[in-house]
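S.K.: Before we start, here is the structure in question, set down as structure tokens.
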Amino acid sequence: MTKVSPCHFRTAYVAHNSGHDMSALKEFCDKIVFCSSGYEGEEDLPQVLTDAIKDFDPAKDVVVPVGNVSSNILLGVAIARKAFHLEAGADGIPVPVVQFSAALYANKEYRFREIILGRESSNASQD
């Protein structure tokens, strides 16, 4: 995870309507979308989350993991499917990459992180 400066996002996709006060988040986005209410059955949750992020754009939006673990894991899978793209690897072969922003709440403030999965780190050791 890479720390990014707080910026303005189009939409904050909150994993679960857990009752947390989200008013501080409004400073960083135009709109807040709660992806699940907490009352969905386990069998319905994957589709509910997928439907909630139908307009998600990894370049303009931010994910906010809160609430129960199931909602956060399943939302992560759904986001990964939306944020997936291919990049040329060091050997020229396309590599699957998932890249998006997340807002993590700690010590009474939001910290924004860029999540990148699949891309080789430029600091990786060479074996």
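The values are calculated or read from the model by the stated rules, or taken from the named source; none is laboratory data. As the structure is a computational prediction, the values presented were derived from the model and not from experiment. Note that we place each Cβ from the backbone using ideal geometry, even for glycine, and neighbour counts take in every protein chain shown.
S.K.: Looking at this structure, is residue 119 touching a Lys or Arg at 6+ places or on another chain (Cβ under 8 Å) and surrounded by 12 or more Cβ atoms within 10 Å (Cβ to Cβ)?
M.R.: Criteria not met by residue 119.
S.K.: Of the residues 32, 79, which is modelled with pLDDT of 90 or more and outside any helix (DSSP H, G or I)?
M.R.: After ruling out the rest, the residue left standing is 32.
S.K.: Give region 63-76 a look and list any residue that's β-branched (Val, Ile, Thr) and either surrounded by fewer than 14 Cβ atoms within 10 Å (Cβ to Cβ) or assigned to a helix (DSSP H, G or I) (or both), or say none.
M.R.: Residues satisfying the conditions are 69, 73.
S.K.: Which condition breaks for residue 83 when tested against (1) within 23 Å of residue 21 (Cα to Cα); (2) without any contact (Cβ under 8 Å) to a residue 40 or more places away in the chain; (3) hydrophobic (A, V, I, L, M, F, W, C); (4) surrounded by 16 or more Cβ atoms within 10 Å (Cβ to Cβ)?
M.R.: Of (1) within 23 Å of residue 21 (Cα to Cα); (2) without any contact (Cβ under 8 Å) to a residue 40 or more places away in the chain; (3) hydrophobic (A, V, I, L, M, F, W, C); (4) surrounded by 16 or more Cβ atoms within 10 Å (Cβ to Cβ), only one is false for residue 83: (1).
S.K.: Next question, about the same structure. Are any residues in region 41-62 surrounded by fewer than 18 Cβ atoms within 10 Å (Cβ to Cβ) and either charged (D, E, K, R) or in a strand (DSSP E or B) (or both), and if so, which ones?
M.R.: The answer is 42, 43, 44, 51, 54, 55, 57, 60.
S.K.: How about region 94-122: which of its residues are part of a strand (DSSP E or B) and under 16 Å from residue 27 (Cβ atoms)?
M.R.: 101, 103, 104, 105, 109, 110, 111, 112 - these are the residues of region 94-122 that are part of a strand (DSSP E or B) and under 16 Å from residue 27 (Cβ atoms).
S.K.: List the number of the failed condition for residue 1; all other conditions in (1) of a type outside the set (Lys, Arg); (2) within 16 Å of residue 114 (Cα to Cα); (3) at pLDDT 90 or above hold.
M.R.: Result: residue 1 passes all but (3).
S.K.: Residue 62 versus (1) closer than 24 Å to residue 117 by Cα; (2) over 17 Å from the mean Cα position of the chain (by Cα); (3) of a type in the set (A, V, I, L, M): which is the lone unmet condition?
M.R.: (2)
S.K.: Checking residue 91 against (1) surrounded by 12 or more Cβ atoms within 10 Å (Cβ to Cβ); (2) part of a loop (DSSP other than H, G, I, E, B); (3) without any contact (Cβ under 8 Å) to a residue 40 or more places away in the chain, only one condition comes out false. Which one?
M.R.: Exception for residue 91: condition (1).
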